[in-house]
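Each remark here refers to the structure printed beneath this line.
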Amino acid sequence: LGASTEQEAKTLSRYLTAFKPELRTVIHQYLGNDIQSRMTMPKVDHRLPARLRVRSEGINFLDNLLFSRELGGAYFEALYHTYRDKNLLALHLADLKKLHADIRKQKANLVFLVFPFLDNDQITARSAEYIKIMQNYFNETCAKNDIFLDVTPLVEKLSPRERVASCMDAHPSAQLHQLVSEVLIGILQKTKLNQDMVQLCPSDQAPQDPR
């Protein structure tokens with residue numbers, strides 16, 4: 001079901017130890033289920049008994065389809081419950097702080113790239129709940145030259161079918177990846193910042209004219 005922030009921190013540590021790269025910018029892609037190491041996984045039973053599932057591939061496929069849909073709904077509710085639990089959220093934000101601190105120890109800038117869920121318009125809209133949490137976290141912890149990037153405006157340009165890899169895979173499609181990459185290139189080349197998507201660290205923002 002994906003990699004958690006804890007797992008990402010361990011992966012980064014192994015990468016830094018093995019290759020000792022000179023990092024200038026690190027793009028951290030954040031998905032809503034990155035909090036999953038702090039949540040309790042829901043328990044969902046198969047609808048049909050095993051003795052029927054092994055008799056027919058058709059029956060097995062139907063059962064897996066029903067199982068996946070039921071598990072998916074329960075999984076989303078468990079994720080959002082975790083974001084709303086102050087203690088669990090605090091643990092997750094501590095995981096993020098550690099990961100981002102390890103990045104800054106390399107004297108690298110952070111591009112915090114946050115994706116909504118892509119399954120359908122309703123689920124994408126609901127993602128605003130955790131995206132706002134991540135935006136607040138960024139504002140409180142960011143360093144000079146860090147950037148927060150909310151992908152939602154790009155997602156909303158595409159239909160649900162266009163934005164996902166397939167009907168059975170809700171990861172970003174090649175088309176969505178292309179749109180995101182164009183924005184990232186503008187950021188890295190410092191040629192264009194889309195104000196609807198890109199937020200600078202508050203310490204980097206120009207002061208407002210009081211007039």
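Using 0.36 nm per residue, how much length does the chain from His177 to Ala3 gain when fully extended, once their Cα-Cα distance is taken away?
60.8 nm
For segment 37-160, what is the per residue volume of the convex hull drawn over the alpha-carbon atoms, in cubic angstrom?
Dividing the Cα hull volume of segment 37-160 by its residue count gives 146 Å³.
Using amide H atoms built 1.01 Å from N in the peptide plane, name the residues 5+ places from His171, or on other chains, whose amide H lies under 5 Å from its own.
Amide H neighbours of His171, under 5 Å, 5+ apart: Ala165, Ser166.
Considering every pair of different Cα atoms, what Kirkwood radius, in Å, is found for segment 84-144?
About 13.0 Å for segment 84-144.
Can you tell me the order of 164-175, 97-108 when each peptide is scored by its average per-residue count of other Cβ atoms within 10 angstrom, highest first? It would help to have the intermediate numbers written out before the result.
Working: 164-175: 13.7, 97-108: 15.6.
Ranked from most to least packed, the peptides come out as 97-108, 164-175.
Using a 1.4 angstrom probe on heavy atoms only, work out the carbon and sulfur share of the accessible area of segment 1-141 in %.
Taking all protein chains in place, segment 1-141 shows 54 percent carbon and sulfur surface.
How high is the FRET efficiency between Leu158 and Ser37 when r is their beta carbon distance and R₀ equals 41 Å, given to the nearest 0.05? Walk me through the numbers on the way to the answer.
On the way: r = 30 Å, r/R0 = 0.73.
Efficiency, from the Cβ-Cβ distance: 0.85.
Would you report the distance distribution of C-alpha pairs in the chain as whole percents per 10 angstrom bin, up to the bin with the largest distance?
7, 28, 33, 20, 8, 3, 0, 0
At 1.306 mPa s and 10 °C, plugging the Kirkwood radius over alpha-carbon pairs of segment 146-192 into Stokes-Einstein gives what diffusion coefficient in µm²/s?
Answer, rounded: 139 µm²/s.
Only Cα pairs under 8 Å and at least 6 apart count here; give the relative contact order of the chain as a rounded whole percent.
Reported as a whole number, the value is 20 percent.
Which far-off residues, 5 or more places away or on another chain, put their amide H under 5 Å from the one on Asn109, with H placed in the peptide plane?
Those lying under 5 Å, H to H, from Asn109 are Thr25, Val26.
Can you give the % of DSSP beta bridges in segment 82-211 that are antiparallel, to the nearest 5?
Values: 5 of 9 bridges.
Antiparallel: roughly 55 percent of the beta bridges in segment 82-211.
Report the Cys residues of the chain lacking a disulfide-compatible partner, meaning no second Cys Cβ under 4.7 Å from their Cβ.
Cys167
How much accessible area per residue does segment 1-157 have, in Å², with a 1.4 Å probe?
58 Å²
To one decimal place, what orientation-averaged projected area in nm² is obtained for the convex hull of the Cα set of segment 114-170?
If I average the Cα hull's projected area over directions, I get 4.3 nm².
Run the numbers for Cys167 and Asn136: contour at 0.36 nm per residue of separation, minus the present Cα-Cα distance, in nm.
Separation in residues times 0.36 nm, less the Cα-Cα distance, equals 7.9 nm.
Report the full-extension gain for the segment Leu16 to Ile59: residue separation times 0.36 nm, less the Cα-Cα distance, to one decimal in nm.
10.7 nm
The values are calculated or read from the model by the stated rules, or taken from the named source; none is laboratory data. Given the structure is predicted, the values throughout are model-derived calculations rather than measurements. Please note: Cβ atoms are built from the backbone with ideal geometry, for glycine as well, and neighbour counts cover all protein chains shown. When the accessible area is computed, the model is the full protein with side chains, heavy atoms only, and any ligands, DNA or RNA have been set aside. Shrake-Rupley method; radii C 1.70, N 1.55, O 1.52, S 1.80 Å.
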